[in-house]
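Notes for the one structure printed next.
Read the figures in this text as sums done on the coordinates, not as results from a lab. Treat the numbers as computed from the prediction; the structure is a model and nothing was measured. Please note: Cβ atoms are built from the backbone with ideal geometry, for glycine as well, and neighbour counts cover all protein chains shown.
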Amino acid sequence: MLPSIRRQLTMFVPHPDATVIESIRSHYNPAQRAIIDSHVTLCREDELTSLDQVLQNLNILQQPPLTIRFGDIIPSEGGKGVLLPAVAGREAFHRVRQILLQDITSHPREIEPHITLMHPRNSTCNDAIFEEIRSYKLPKVIQFDAISLIEQVDGGPWQVQQTYKLPWQ
């Protein structure tokens with residue numbers, strides 16, 4: 001049987017911003033923490049059907065580091081998960097997506113940039129946990145200076161295949 005392979009483009013949260021986020025994830029969602037570091041997904045696997053074209057677009061991308069401002073945490077998936085949503089910087093995020101998916105789709109779907117603190121696939125939040133997470137001092141502004149192509153085989157840990165630094169010179 002062939003392995004199940006997923007690929008995505010993601011922007012990992014840099015240190016020291018990742019420190020408090022990873023402590024939350026380690027405590028409240030260790031299963032997800034074990035398979036991937038904190039990140040903002042830029043392009044999902046179903047959008048990378050023409051991976052060669054996406055990588056070609058990435059290689060010619062002229063983009064300074066992306067700065068995203070995050071708001072207060074919100075529940076996701078009916079309260080099972082917890083997200084840290086972007087409240088500013090979304091325009092630049094969508095512009096980069098448009099460039100990366102150029103010549104693949106003329107209308108990329110609208111995905112909202114966010115950091116998942118608790119993934120509903122392998123954790124369950126409740127009111128008490130949500131209030132505990134709300135008490136953490138999370139970073140409000142994060143600058144992302146790299147885009148990584150990552151790969152997951154058979155549901156295992158995501159592995160970085162290649163990292164592209166921003167800005168391109």
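Measuring nothing but how far apart in sequence close Cα pairs (under 8 Å, 6+ apart) lie, relative to its length, the range 126-167 scores a relative contact order of 33 percent.
How tilted is helix 90-100 with respect to the longest principal axis of the chain? Cα atoms for both, answer in degrees (0 to 90, nearest 10). It is inclined by approximately 40 degrees. Karplus-derived 3J(HN,Hα) values for the range 140-157, using 6.51 cos²θ - 1.76 cosθ + 1.60 with θ = phi - 60°, are 9, 10, 10, 9, 9, 10, 7, 10, 10, 8, 10, 9, 10, 10, 6, x, x, x Hz; glycine and proline are entered as x. Across the range 38-169, Cα-Cα pairs farther apart than 18 Å form 60% of the total. For the range 62-117 and the range 136-168, write down the distance between their C-alpha centroids in whole Å. Cα centres, the range 62-117 to the range 136-168: 13 Å. Of the residues Lys137, Lys80, Lys165, the one with the fewest other Cβ atoms within 10 Å heads the list, and the complete ranking is Lys137, Lys165, Lys80. The string of couplings for the range 112-124 from the Karplus curve (6.51, -1.76, 1.60, θ = phi - 60°) is 8, x, 6, 10, 7, 8, 9, 8, x, 5, 9, 7, 9 Hz, one whole number per residue in order, with x for Gly and Pro.
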